[in-house]
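These notes concern the structure reproduced below.
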Amino acid sequence: MVMNAHDFRFSRVLLQQPLFQGMAVDDLVDIVTHMPLGFHKYAEGKTVIKAMDPCQSLLFITDGKVSICTESVDKHYRIEEEFHAPFLPEPECLFGLRQYHLRTLTAVTDCNCISIRKENVTQLLDTYAIFRINFINILSTQSQRQQRRILMPHSGSLRSRIISFMVDRCMKPAGPKLFHINMRTLAEEMGVDKRKISQVLHELRDEDKVELSRSRITVKAMENLLSE
């Protein structure tokens, strides 16, 4: 196979994505050359994916940084997290019972993305064993992490329960997080008086683990909470 510079460059871009890691360069160039790929640019502040939109493609963030917003079903609170490229958001939404996006993605910086439609993803799964194994590994890892969260023992202290509440609702248990939630809602989730919630949050603030403002809790580094 004769490669041109354009095909080789985009094959290297795909190789940085977890789903394509381990694939031969010739296979990647063949995908770039013959498979219809969507190339997208999103300016800072633009919506990349909107929650509840149908999931009809895999979208690979190849350059830039995005913010992911997860909202509770009752819309009483939401969580914001940031992810840098390379990043593949919500691959689990492409198949299964409910094939729509669960979260909203917004470009924090200018972003470049590549999309592959569902029918072409199915073709890749059928054709390339490495792509198929990578896809299964990603979904299996997500499932195992969720099961581990459910089975992890927690102490009965309110502090531990609040930390567990935060961790269990994040996509990644590391890095900074922004919780848009007021103390009354958090108190209802914990089943305790609002004053007790305030006491614990102010303790975490005094330990420099969170910052507090009106209806907002900023976790500076989730791993610091998990280290307790």
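The values are calculated or read from the model by the stated rules, or taken from the named source; none is laboratory data. Bear in mind the structure is a predicted one, so any value in this text is a computation, not a measurement. Methodologically, a virtual Cβ is constructed for each residue, glycine included, from the backbone with ideal geometry; neighbour enumeration extends over all protein chains shown.
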Next on the checklist: Can you find, within the stretch 25-46, the residue that is nearest to Cys111 (Cα to Cα) among those that are out of contact with any Cys (no Cβ under 9 Å at 6 or more places or on another chain) and part of a loop (DSSP other than H, G, I, E, B)?
Outcome noted: Gly45
Item to check | Yes/no for Gly96 being surrounded by fewer than 15 Cβ atoms within 10 Å (Cβ to Cβ), modelled with pLDDT under 95, among the small types (Gly, Ala, Ser) and closer than 20 Å to Gln142 by Cα | outcome: yes
Checklist entry - For the stretch 206-228, what are the residues that are within 26 Å of the chain's Cα centre (by Cα), in a helix (DSSP H, G or I) and either surrounded by 14 or more Cβ atoms within 10 Å (Cβ to Cβ) or at pLDDT 95 or above (or both)? => result Met222, Asn224, Leu225
Checklist entry - Taking the stretch 56-69, which residues are outside any strand (DSSP E or B) and free of Cβ contacts under 8 Å to residues at least 60 places away in the same chain? => result Gly64
Next on the checklist: I'd like to know if the stretch 187-205 contains one or more residues that are free of Cβ contacts under 8 Å to residues at least 12 places away in the same chain, polar (S, T, N, Q), within 22 Å of Leu102 (Cα to Cα) and part of a helix (DSSP H, G or I).
Outcome noted: no
Item to check | Ile133 vs. criteria surrounded by 15 or more Cβ atoms within 10 Å (Cβ to Cβ) and among the hydrophobic types (A, V, I, L, M, F, W, C) | outcome: no
Checklist entry - Hey, among Ser143, Ser160, which residue is of a type in the set (Ser, Thr, Tyr) and not assigned by TED's automatic domain parsing to the domain that holds Phe83? => result Ser160
Next on the checklist: Any residue in the stretch 84-109 that is of a type in the set (Gly, Ala, Ser) sitting within a Cβ distance under 7 Å of a residue that is surrounded by fewer than 18 Cβ atoms within 10 Å (Cβ to Cβ)? List the pairs, counting only those 6 or more apart or interchain.
Outcome noted: Ala85/Asp63; Ala107/Ala43; Ala107/Glu44; Ala107/Gly45; Ala107/Lys46
